[in-house]
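Everything below concerns the one structure shown next.
The values are calculated or read from the model by the stated rules, or taken from the named source; none is laboratory data. Being a predicted model, the structure only gives us computed values, none of them experimental. To get the accessible areas, we keep the full protein, side chains included, count just its heavy atoms, and leave off ligands, DNA and RNA. Shrake-Rupley method; radii C 1.70, N 1.55, O 1.52, S 1.80 Å.
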Amino acid sequence: MLTGVRPTTLKGIKSLAAQLRKEHGIKHAIALDLAAQAASCANFRNAQRLLAQRHEEAPRPYVLLSIYWCDDEQKDAGGRETLKVELSRSILKICGRYALKKVRGFGNLRMVADDHFVCDALAPSQVYARERLCKAERSIRFMEYTGLRHPRSSEADPKILP
């Protein structure tokens, strides 16, 4: 009846149960038990107890950095490089929006969403675009791990400044 489907959350079990109920015309309670068995649980009640203990992990905050590029030597070659940087907290909690303009690697990256920055300038090659993204990531990581920010930022802690 079940072919390789292994739900890992209660939501997944319920979704599979709804699918089984529709496909096989069985009662919802039976479908829930079958779906729970596919998740390696004895029945749906057992799945509720086991999976409730495992709190579903919230997605980690991240920031997307994008740069468009066009190869000067090959006129047909071009594209976009996007780097997803997973963070311990939101980018705006690591460094303020306006302070990011002064951070190395973020000079001409424009914030288009709370978690996405795009460069308006066209990079001359894919390699150059990747290097720029890596430079911006290193700056974010440095600020994330040390808690330091650009000293000329108006958002910096006034007690730290001379």
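Helix 126-146 versus the longest principal axis of the chain: what angle, 0 to 90°, nearest 10, using Cα atoms?
The two axes meet at around 80 degrees.
Give, in nm to one decimal, the length gained when the segment between LYS135 and ARG110 is fully stretched (0.36 nm per residue of separation minus the Cα-Cα distance). Can you show the working numbers first?
Details: separation 25, 0.36 × 25 = 9.00 nm, distance 1.56 nm.
This chain segment gains 7.4 nm when fully extended.
Tell me, what is the 1.4 Å probe accessible area of VAL127, in Å² to the nearest 10?
Here the accessible area works out near 100 Å².
Give me the accessible area per residue for the chain, probe 1.4 Å, as a whole number in Å². Can you show the working numbers first?
Details: 10830 Å² over 162 residues.
Result: 67 Å² per residue.
Run lengths n ≥ 4 of DSSP H only: what is the helix-derived mean residue ellipticity at 222 nm for the chain, with -39500 (n - 2.57) per run over all residues, to the nearest 500?
-11500 deg cm²/dmol
Can you classify the chain as rounded, prolate or oblate using the Cα gyration tensor, where a ≥ b ≥ c are the square roots of its eigenvalues, rounded means a/c under 1.5, and otherwise it's prolate if a/b beats b/c and oblate if not?
Values: a/c = 4.32, a/b = 1.95, b/c = 2.22.
Oblate is the answer for the chain, as a/c is 1.5 or above yet b/c matches or exceeds a/b.
How much accessible surface area, in Å² rounded to 10, belongs to the heavy atoms of LYS101 with a 1.4 Å probe?
Taking all protein chains as shown, LYS101 has close to 100 Å².
Which percent, to the nearest 5, of DSSP beta bridges fully inside segment 1-127 are antiparallel? Each step should come with its number before you reach the end.
Numbers: 13 of 17 bridges.
Rounded to the nearest five, the antiparallel share is 75 percent.
Mind checking Rg over Rh on segment 55-134, alpha carbons, Kirkwood formula for Rh?
1.05
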